[in-house]
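One structure is given below, encoded as structure tokens.
The values are calculated or read from the model by the stated rules, or taken from the named source; none is laboratory data. A quick note: this is a predicted structure, and the numbers were derived from the prediction, not measured. All Cβ positions, even for glycine, are placed from backbone atoms using ideal geometry, and neighbour counts span all protein chains on display. Surface accessibility is based on the protein's heavy atoms, side chains included, excluding ligands, DNA and RNA. Shrake-Rupley method; radii C 1.70, N 1.55, O 1.52, S 1.80 Å.
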Amino acid sequence: MSRGWIRRIAVVGILLLGCRRPEPTPILSASEILARAAEAMARTRSVHFVLERTGAPEYLDTARTMMLRRVEGAVVQPDRLQGVARIFSLGVITEIRVLRIGDRVWIALSGVGRWEALSPDRGVVIDPRVFFDAEQGLPALMARAPLTGVRLETREGIRVYHLYGELDSGPLAGWSAGMITGKLQADLWVDAGSFRILRVRLVEQDSDPQDPTVWQLALSDFDRPVEIREPGGS
């Protein structure tokens, strides 16, 4: 065999090695995926989130004038949150800046610099601990949820586990301030590599079938540096 043929065979072999398919992602059980997801989220130091709600009105205040539609922001371990809430009130969509550190909460109208301390009877603001808490946080609660369906999918170029099933809203009532109710159809997407939760979708089955109440939570930008301070930098 000539040296030319030997070189060609060697080149083909190198190309074949370079084109070797990646190892397939193993299919794990739902309980194992959920347990790993809870551990991964407990180790996460910060995350960007978008929480959206559609369907029947749900009021944030005792006067029943403010309806939550969307909240976007960032949370930092263990108990800090900043974001912008989109509220539908008296026929007008208003954006309110929200800041929470521990049990202290401040709000301000978007575009207005003055912050106002919010007393507990004025309304409900998301507790940042629900994203991380090892016992009562959303990842920990979902890890104990009876989700049995699992399939592998690709979302935005990322291999994910899609878990699905039905569950009762009881364990979720605490972090949602009682706004999530009844039986739920739950879908959960978990990064197949890092096991971080990327998206949660909850549909209230007792809501109007023509306009069901749907909660969607999207998480991204894990562990990016975020500094959250009290108003005025104190």
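Tabulated results
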quantity	calculated
Test for residue 158: is it of a type in the set (Val, Ile, Thr) and open to solvent by 50 Å² or more (accessible area, probe 1.4 Å)	yes
Total residues in the range 114-129, condition among the basic types (Lys, Arg) and at pLDDT below 85	2
Residues of the range 204-221 satisfying the condition of being open to solvent by 40 Å² or more (accessible area, probe 1.4 Å) and closer than 24 Å to residue 37 by Cβ	205, 216, 220, 221
Residue among 201, 196 that is without any contact (Cβ under 8 Å) to a residue 60 or more places away in the chain, surrounded by 15 or more Cβ atoms within 10 Å (Cβ to Cβ) and basic (Lys, Arg)	201
Contacts under 8 angstrom Cβ, first residue in the range 219-233 being over 23 Å from residue 108 (Cβ atoms), partner open to solvent by 90 Å² or more (accessible area, probe 1.4 Å), 6 or more apart	223/45
Hey, residue 128 touching an Asp or Glu at 6+ places or on another chain (Cβ under 8 Å), under 21 Å from residue 80 (Cβ atoms) and open to solvent by less than 20 Å² (accessible area, probe 1.4 Å) or not	yes
Wholly within the range 1-113, strands (runs of 3 or more DSSP E) carrying at least 3 residues that are farther than 26 Å from residue 199 by Cα and at pLDDT 80 or above	104-109
